[in-house]
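Each value in this text was obtained by applying a stated rule to the coordinates, not by laboratory testing. Note that this is a predicted model, so its numbers are computed, not measured. FYI the Cβ positions are ideal-geometry reconstructions off the backbone, even for glycines, and counts take in every protein chain you see.
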Amino acid sequence: MNFEIVCPNCGALSSPAVGVCPYCKSAMTTETEKHNPTLATIKKLYNDGQTDRALVMAKSIETQKPELLKDVDFAILYAKILFEVDGPSSKTRAVLGQAFSEHPANPHLAEYMEVVEAETNLSHEKSDAGAQELAQIIRRSPENVYALFFLGSHLYWVEKDSQQALRYLERCVRLRPNFVRAKACLAVVYKELGMRDAAARLLNDCATKTFGSTRQFFQNFAQSA
């Protein structure tokens, strides 16, 4: 499989792990998606931040066409969704593992497997193995959204280092503006640092991406920021 894909808007080359053109920010389409409209729909939901709905569809397509778990594009997209909805690490590892067994030399799969392992190794200790592994991934791939998120949230909640957490979480949200969990975590950091207007803006934006009690929670939190 060719892992370079062409942006339909500006013609730039990128990889399926990116999902959005780094130049014009348009959603990019892989060959797998061209032959599977459902996968394209899942990707659109993911890009729009509707990860709960994307997860429902990903589970459905996994049941209907389990062979797709061997496809790099689908496995990485599914893993991203699981990261964003705080899915079990064991499930994310299993999703990536099937594709990795078919494509062991694929660098994107290998990196996401590393992120899963690093997240699993996070503990309630400062500078633990997981944090060190995430820092290594970021040094090698500074735009890995999920390594940035897991390290940033760990620095805030466990190491109580708001300034360092801010550095990673702001970069994460800049790269993935519709990552609701990351935006909510960043809003908490902003609030602690006295940046209440910025916190409220993020929380109100989170509310537009969620439904029911979750939306109400973000709206109430924004009002109290």
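A few notes on this one:
- Filter pass, Ser123 being among the polar types (S, T, N, Q), part of a loop (DSSP other than H, G, I, E, B), in contact with a Gly (Cβ under 9 Å, 6 or more places away or on another chain) and over 22 Å from Val173 (Cα atoms): yes
- Scope the range 98-126; condition of a type in the set (Gly, Ala, Ser), more than 22 Å from Leu148 (Cβ to Cβ) and surrounded by fewer than 15 Cβ atoms within 10 Å (Cβ to Cβ); matching residues: Ser101, Ala105
- Among residues of the range 121-149, those that are closer than 20 Å to Val180 by Cα and either touching a residue at least 40 places away in the same chain (Cβ under 8 Å) or aliphatic (A, V, I, L, M) (or both), counted: 5
- Positions within the range 62-79 being more than 13 Å from Leu39 (Cβ to Cβ) and buried (at least 19 other Cβ atoms within 10 Å of the Cβ), in sequence order: Ala79
- Which listed residue is surrounded by 18 or more Cβ atoms within 10 Å (Cβ to Cβ), within 23 Å of Asp205 (Cβ to Cβ) and acidic (Asp, Glu), from Glu170, Glu84, Glu143: Glu84
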